[in-house]
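Please read the structure below before turning to the comments.
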């Protein structure tokens, strides 16, 4: 299967019943994407698939199609928007333990890609599938809001 | 586990007959269940690449929603927004954004969870499900589709291909409401869809019985009546005959029964504003 | 703004957590749990499991080369359940295989024959005479008991105009760190073992692993990986997991990776202690508190863990920041067959403060006093003596100050007048505000020795290598330590190279708990810098006043002056008399106040939190933005404790093992938040800094209960206060008043 991962074309060979999360982490060693619950509740494994935020723990490689584009946290700095979000997170103090951060960044990326000026409530809803236990979300929401300026 | 990708609908139907493997669409329910039960089938037929199943169209006064349309796709669809805004709202509350982007409306129907968010809407609008196999096509009304807890009228060689809803008459008012623990990403404690078309009512609830339920007694009582707080107060008494909520980890039977009434009462208040 | 030094690696995905380690030839191991919370194991049949392709080995109690039992305080915790299981999270065996999936498949095929034993799921039952003993070697199921005897409560009650008794209960709470437990263990050629993993306290992991493997401590190297959240929860369980991984790697001579799923993590790991608190207080008409009797019973679950300390802190703090001249307190932790309980952010204080602050408001209501004025009348004052006989004269007693700051910022007086007090608005909804305040002992106090070490090594190219014995628990410790070091040395923070804790390098500095990291670590760093500066000073003098740091370092190296120092800090003396509970429990204290504003939808009982504010005296905020982040995160976690979170046991078996059923607060529920930093520099702290991480998590439960009271007129005495409970209470009251 041919996939475009973080802007690079890659031919992927692996069993089709492997989770996308495991393909990224084990086969490609893109370990920035995290596993927090394995059932699509915490969002730590979020990646951007063809422009949409998805939980990579709930996608099997067999569900992907040739030419699918996947963006992970490792690819963010190569995109202008991704870089901006990363800087905002650091500046706003939105990073604590960092385990939710990659998924949070990807959810923010997908949100901002579609909606350049989300309202506070839209940001809160946009990351409602990403759990964070450290920050109380306030600084994360502020970081995303900083990107709209 | 063998994952076979269907190229098109014809291919999918053929594979379903030959292999009898379960269907894998968005995977947001079935993969979670397989992980929890550690009960893995020999294989699955993946239909996420089947484009025919993603279409949403209006033909002969009927809105046909392809079973493979994701909740995000349904929610963003202009036809749905225009004619079935209650379905738009329901699709926006299925899990969080990540789940809406993958989970399909067909999956929500076939998963047959009594808590499925879109189901009360489809039920209240008298939707029909289109089941296809190599043998042909069957159309089953939603009211007959759910036979018991997670039990549906579908055969082992069939695939759900579409959901059909008659275009609502002008001046139809419908709302979707939900009581959950969290604003997003919640499995509902109770959800419901209320429809008023002229002086006829359709009311359906989720999470209050083994299947999504239509509230026939309440509907019959309300039909033809001019809605008022007093009338609804009387209808609330009948609601208990239509629903049989259970206690589970998310809520108690008593609370579900109570908030079901709260939702009906809220519908009455919303109607008053139309 | 001081930025986190570890933020860059976390936003790029480069930070290495335990699950990110992949080694050649590595095998995976998974736990097999107890089939029943309290049972006699008859047999473990592994025949079918062993033949699953890829299985490397199945390990049970008989494979433990060292001590089978472990624990930080009492060694009653079985690394593998042997003969008997004591809770549903007991691990009977570990299955190791070439792949994770093979290990899981094999686990499904192990057949355990067992015989259920009579089980105890409530501390009340477990305390009854004749109850079956969970640990047969003990006299009874009481794990520990702390008394306090101060003054004469009978005399105090005689002086009182009103005597009021109330009971409060709290629930099991899950830490819900986003990263489940994980580690990788490697058997080294020299017979030693290295374990890399996500733990809060590498030295506990080292001790547990040495004890279980039978290796001397210096043959066990623990290296902390980036930690994905801890909140007190990554100590005992992860240390036991490290020990199991070490046992397997020593037997198989292959690297072993253990990464728990969320379900495995929630099943085995310890929870916050549920408390049952009984208070009896006497108060005069004019609002002076005279006497308090407190009885605290906590569910310890199957093993002791840190229960004695978790019970001791609320014993010391059982009055809240109020003077009661006469106090009698008895606190117990009791063994049951529920999941064991241990350290969690606050260490018993969110539970006791929920009770104390609810009770204070109830007392005020009973004598028709304003709850704030009532508090002020009884607050600790500068130089006062507490119920443990400690005179508060070595630090600023700031309780009135933080409360005033919080209330003023919140417009308390105006909003308090608007509370519904049981009378709903036209839509049937209620509005209320509530507050809670506390004092809290800093660091370990009399729990144990209080020590910390820091190593500074300056390389010839003038880079400053810093290693501190306390661990980064995600709170930003590295950043704070690096900043203290840089500022004290007079160099840019970029020069500091922070080294993660390695147990073979830095001395054991006691656990990074009790919000002690900044204080003890900072002091150790300052001590190390002082020594370095002493070495540099004569050289600097020689080469001239305008020479740069680089020049001085280079000169030192050329003169063979090794710029290397071990800084230490030893806690000031504390004292405790066990039979009367009298003494100077902690060497200093912090003060905090939190306020909440909320609405209740009368019909459904749903609570919408509108605003939360936290005001905390932390001595000195070394990094104010990170401090505020702690306050926000702590308040939100406290909100979950007050309103929704609960681990539900059914006959000892947890019913909500993952986030679909154990619901923590999401971004969509978070209200507007404000943080107020109050600074009264403490002589004991680095630059005057004290503590923050836990105080911020110990107040919101009580504040919410009080706000619900001023909204609905109903007093809720059990957490979590769920919509169902509120709705039922409101409808009951309605039917009575109708």
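The values are calculated or read from the model by the stated rules, or taken from the named source; none is laboratory data. Nothing here was measured: the structure is a model prediction, and the numbers come from that model. Note that each Cβ is placed from the backbone with ideal geometry, even for glycine, and that neighbours are counted across all protein chains shown.
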In the range B:241-256, which residues are in a helix (DSSP H, G or I) and within 22 Å of residue C:601 (Cα to Cα)? B:253, B:254, B:255, B:256
Look at the range B:218-263 and say how many of its residues are within 14 Å of chain C (Cβ to nearest Cβ), farther than 12 Å from residue B:192 by Cβ and touching a strand residue (DSSP E or B) at 6+ places or on another chain (Cβ under 7 Å). 0
Of the residues in the range A:89-103, those that are in contact (Cβ under 8 Å) with a residue 24 or more places away in the chain and surrounded by fewer than 24 Cβ atoms within 10 Å (Cβ to Cβ) come to A:91, A:92
Filtering the range A:19-49 down to residues that are part of a loop (DSSP other than H, G, I, E, B) and surrounded by fewer than 18 Cβ atoms within 10 Å (Cβ to Cβ) yields A:29
Across the range C:10-53, what is the number of residues that are assigned to a helix (DSSP H, G or I) and facing chain A (nearest Cβ under 8 Å)? 4
Could you tell me whether residue C:72 is touching a residue at least 40 places away in the same chain (Cβ under 8 Å), away from chain A (no Cβ under 14 Å), in contact with a strand residue (DSSP E or B) (Cβ under 7 Å, 6 or more places away or on another chain) and under 21 Å from residue C:197 (Cβ atoms)? no
Based on this model, can you work out whether residue B:115 counts as surrounded by 18 or more Cβ atoms within 10 Å (Cβ to Cβ) and part of a helix (DSSP H, G or I)? no
Kindly establish whether residue C:83 is surrounded by fewer than 23 Cβ atoms within 10 Å (Cβ to Cβ), closer than 21 Å to residue C:657 by Cβ and not assigned by TED's automatic domain parsing to the domain that holds residue C:312. no
Evaluate the range C:706-716: report whether one residue or more is over 19 Å from residue C:275 (Cα atoms), surrounded by 24 or more Cβ atoms within 10 Å (Cβ to Cβ), more than 14 Å from chain A (Cβ to nearest Cβ) and under 23 Å from the mean Cα position of the chain (by Cα). no
Can you go through C:648, C:677, C:654 and tell me which one is surrounded by fewer than 21 Cβ atoms within 10 Å (Cβ to Cβ) and under 30 Å from residue C:36 (Cβ atoms)? C:648
Would you point out the residue of the range C:169-182, among those that are over 15 Å from residue C:657 (Cβ atoms) and surrounded by fewer than 24 Cβ atoms within 10 Å (Cβ to Cβ), that is nearest to the chain's Cα centre (by Cα)? C:171
Scanning the range C:100-127 residue by residue, those more than 14 Å from chain B (Cβ to nearest Cβ) and over 21 Å from residue C:339 (Cβ atoms) turn out to be C:111, C:113, C:115
Which of the residues spanning the range C:645-669 are in contact with a strand residue (DSSP E or B) (Cβ under 8 Å, 6 or more places away or on another chain) and at the interface with another protein chain (Cβ under 9 Å from one of its Cβ atoms)? C:648, C:655, C:669
Can you go through C:299, C:286 and tell me which one is in the same structural domain as residue C:351 (by TED's automatic domain parsing) and closer than 18 Å to residue C:37 by Cβ? C:299
Could you say whether any residue in the range C:590-605 is in contact with a helix residue (DSSP H, G or I) (Cβ under 9 Å, 6 or more places away or on another chain), over 30 Å from residue C:722 (Cβ atoms) and away from chain B (no Cβ under 14 Å)? yes
Sort out for me the helices (runs of 4 or more DSSP H) sitting completely within the range A:79-149 that have 1 or more residues that are closer than 18 Å to residue C:177 by Cβ and more than 14 Å from chain B (Cβ to nearest Cβ). A:101-114, A:138-146
Go through (1) farther than 26 Å from residue C:315 by Cα; (2) out of contact with any helix residue (DSSP H, G or I) (no Cβ under 9 Å at 6 or more places or on another chain); (3) in a loop (DSSP other than H, G, I, E, B) one by one and return the number of the condition residue C:139 breaks. (1)
Can you pull out the residues in the range B:1-57 that are crowded, with 22+ Cβ neighbours inside 10 Å, in contact (Cβ under 8 Å) with a residue 60 or more places away in the chain and part of a loop (DSSP other than H, G, I, E, B)? B:25, B:26, B:27, B:28, B:29, B:47
